[in-house]
Amino acid sequence: MIYDIFPLGDSALTIDFGNVISPTINDRVRKLADVFSRNPFAGLVEVVPAYSSLTIFYDPVTVRQTCAEFETAFAAVRNKAEKALAQAINSVLSKAERQLTKIPVCYDAEFAIDLEFVAEKKMLTVEQVIRIHTEPVYRVFMIGFLPGFPYLGEVDERLSVGRKSVPRAAVPQGSVGLAGRQTGIYSLESPGGWQIVGKTPLLLFDPKNESPTLLHAGDSVRFYEIDRKTFDEVTINIH
């Protein structure tokens, strides 16, 4: 197993497995996060899994008080990280983290403001783009950028497009976008440069819920097409 461990400021440590999009490495990251979630150490603040890395935030004062045998808090947490890596190799991810969520998407031109651009860029029809986008079961590799924003992959190579050269000042909540081999959903209105191909009426982030994010790292997602009438009906029921 090849990895690198380095400090991120004076109160965080990152374990990096390489700059790649890989289900195998992503599983390794999530297993490692599970180990710390099940066995938190004194001073642990939070673990943040990404595509191929895990960042551990900690309170250096507490760590130094409880791990006096190490010269620094970083050295102590690094030792804990290396032990956790050994445990994670044989650990099993819970089935609950691999649930399938079906996401309705309206691909009408009003919402899919970059759909025709993507179709022309990839020499496809709009209907082909929609079909290709809705065929796969995607993995939620990570949640980030915005609360509840899922990074999903991998997108079919036929739909791989770059981000916009000039990001939009405001992308509406629920917008479904493409960026390289990724697709994602804007959980809140935000500036952004992804190519927008549709919109879902579902709420990806609701702070009033016990679990505020609809999706979690490790979940599976499949999109399905809905018309504008259904979009409006679902929106009314949700809100």
Output the residue which, of all residues in segment 161-187 that are open to solvent by 30 Å² or more (accessible area, probe 1.4 Å) and of a type in the set (S, T, N, Q), is farthest from the chain's Cα centre (by Cα).
SER165
Do any helices (runs of 4 or more DSSP H) lying entirely in segment 1-101 carry at least 2 residues that are of a type in the set (Gly, Ala, Ser) and crowded, with 17+ Cβ neighbours inside 10 Å, and which ones are they?
73-89
Consider ASP108 carefully, then state whether it is farther than 30 Å from ASP10 by Cα, open to solvent by less than 80 Å² (accessible area, probe 1.4 Å) and in contact with a strand residue (DSSP E or B) (Cβ under 7 Å, 6 or more places away or on another chain).
no
Restricted to segment 214-233, and to residues that are in contact (Cβ under 8 Å) with a residue 24 or more places away in the chain and among the basic types (Lys, Arg), which residue is least open to solvent (accessible area, probe 1.4 Å)?
ARG228
Members of segment 153-199 that are within 22 Å of THR125 (Cβ to Cβ) and hydroxyl-bearing (Ser, Thr, Tyr)
SER160, SER175, THR183
Checking SER190, SER211 in turn, the sole residue that is surrounded by 13 or more Cβ atoms within 10 Å (Cβ to Cβ) and within 17 Å of the chain's Cα centre (by Cα) turns out to be SER190
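The values are calculated or read from the model by the stated rules, or taken from the named source; none is laboratory data. All figures in this text were calculated on a predicted structure; none of them were measured in a lab. Note: ideal-geometry Cβ built from the backbone for every residue, glycine included; neighbour counts use all protein chains shown. Each accessible area value is taken on the protein alone, full model and side chains, heavy atoms only, with ligands, DNA and RNA left out. Shrake-Rupley method; radii C 1.70, N 1.55, O 1.52, S 1.80 Å.
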